[in-house]
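Down below is the structure, laid out as structure tokens.
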Amino acid sequence: MFAWLEKHPFFFAVFLFIVIAYAGVVEILPSFADSARPLKDTRPYTVLELTGRQIYISNSCNACHSQQIRPFKSETDRYGEYSKSGEYAYHRPFLWGSKRTGPDLMRVGNYRTTDWHDHHMRDPESVVPGSVMPAYPHMYNKTADIETGYAEALTVKKAFNVPYDKEGMPKLGSWEEAKAAAMEEAKAIVEGMKSEDVKKAFENGEIKEIVALIAYLNSLK
């Protein structure tokens, strides 16, 4: 057979293409499938974090801040460990991007605190002199839509089998349970903030958007 192929270049080229294509399918596709599986310690967002993520997207924060660290020394020196596919298993949508007006935020939870975010969102230049980022004072007045965050979590649990309520994963439960968990999670963040208005609102059972957003940013590690 091989002697025959050597005498017929066209069929030899076709044969070679088929062999390389088959090898590619056998070697590359399983690798893609493995890399897309959730990494150890990767978990879905809590309801409060998911609500903060919605606020992040609705305010177009992702238009200036990528969430994909490339495997280059300059990037890992500045932002931290490079991003891996399995880390995004529960991101819908993922917030990759090539444009960076501001820093990449994929690891921001490792090096910024609640207090820092509090000052940054109210007055960016108070912590980053010369910052071009606008302030977001409305987040201190608007109440976070926790109910929609819960609805999204419940939807991805049922539609995509996201492992809420499983061992070691965030608990979802009923709406009342999820709301109570969100209040408990928000409490630790509110205690780390300076705003008296946010604290008073929380005492009255309200979670302001800034609290949910900080919960989300703190989870990016």
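The values are calculated or read from the model by the stated rules, or taken from the named source; none is laboratory data. All figures in this text were calculated on a predicted structure; none of them were measured in a lab. Virtual Cβ from ideal backbone geometry, glycine too; neighbours counted across all protein chains shown. The area values use the complete protein model at the heavy-atom level, side chains included, leaving out ligands, DNA and RNA. Shrake-Rupley method; radii C 1.70, N 1.55, O 1.52, S 1.80 Å.
Of note:
- Restricting attention to the range 144-164 and to residues that are among the aliphatic types (A, V, I, L, M) and not in a helix (DSSP H, G or I), the residue that is farthest from S174 (Cα to Cα) turns out to be A144.
- Matching helices (runs of 4 or more DSSP H) fully within the range 173-221 where at least 3 residues are open to solvent by 40 Å² or more (accessible area, probe 1.4 Å) and within 28 Å of L39 (Cβ to Cβ): 175-191
- Every condition in (1) within 17 Å of the chain's Cα centre (by Cα); (2) surrounded by fewer than 18 Cβ atoms within 10 Å (Cβ to Cβ); (3) under 30 Å from T114 (Cα atoms) is met by T76 except one, and the failing one is (1).
- Residue pairs whose Cβ atoms lie under 7 Å apart, separated by 6 or more positions or on different chains, with the first residue in the range 25-54 and free of Cβ contacts under 8 Å to residues at least 12 places away in the same chain and the second assigned to a loop (DSSP other than H, G, I, E, B) and open to solvent by 50 Å² or more (accessible area, probe 1.4 Å), do not occur.
Matching residues to (1) within 26 Å of the chain's Cα centre (by Cα); (2) open to solvent by 100 Å² or more (accessible area, probe 1.4 Å):
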{"residue": "K7", "(1), (2)": "no, yes"}
{"residue": "F15", "(1), (2)": "no, no"}
{"residue": "A23", "(1), (2)": "no, no"}
{"residue": "S31", "(1), (2)": "yes, no"}
{"residue": "D41", "(1), (2)": "yes, yes"}
{"residue": "N59", "(1), (2)": "yes, no"}
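- Per the listing K194, K208, K187, K199, the residue uniquely without any contact (Cβ under 8 Å) to a residue 12 or more places away in the chain and closer than 21 Å to R122 by Cα is K199.
- The range 43-53, residues that are open to solvent by less than 50 Å² (accessible area, probe 1.4 Å) and of a type outside the set (S, T, Y): P44, V47, L48, E49, L50, G52, R53
- I69 being at negative phi, open to solvent by 50 Å² or more (accessible area, probe 1.4 Å), under 19 Å from the mean Cα position of the chain (by Cα) and among the β-branched types (V, I, T): no
- Scan of the range 123-147 for residues that are of a type outside the set (G, A, S) and without any contact (Cβ under 8 Å) to a residue 40 or more places away in the chain, ordered by number: D123, P124, E125, V127, V128, P129, V132, P134, P137, E147
- Taking the criterion of being among the hydrophobic types (A, V, I, L, M, F, W, C) and over 16 Å from the mean Cα position of the chain (by Cα), the residues of the range 152-166 that qualify are L154, A159, F160.
- Those residues of the range 80-139 which are buried (at least 17 other Cβ atoms within 10 Å of the Cβ) and of a type in the set (S, T, N, Q), in sequence order: S83, T114
- With respect to the conditions (1) under 20 Å from L39 (Cβ atoms); (2) of a type in the set (G, A, S); (3) surrounded by 12 or more Cβ atoms within 10 Å (Cβ to Cβ), G168 lacks only one, and its number is (3).
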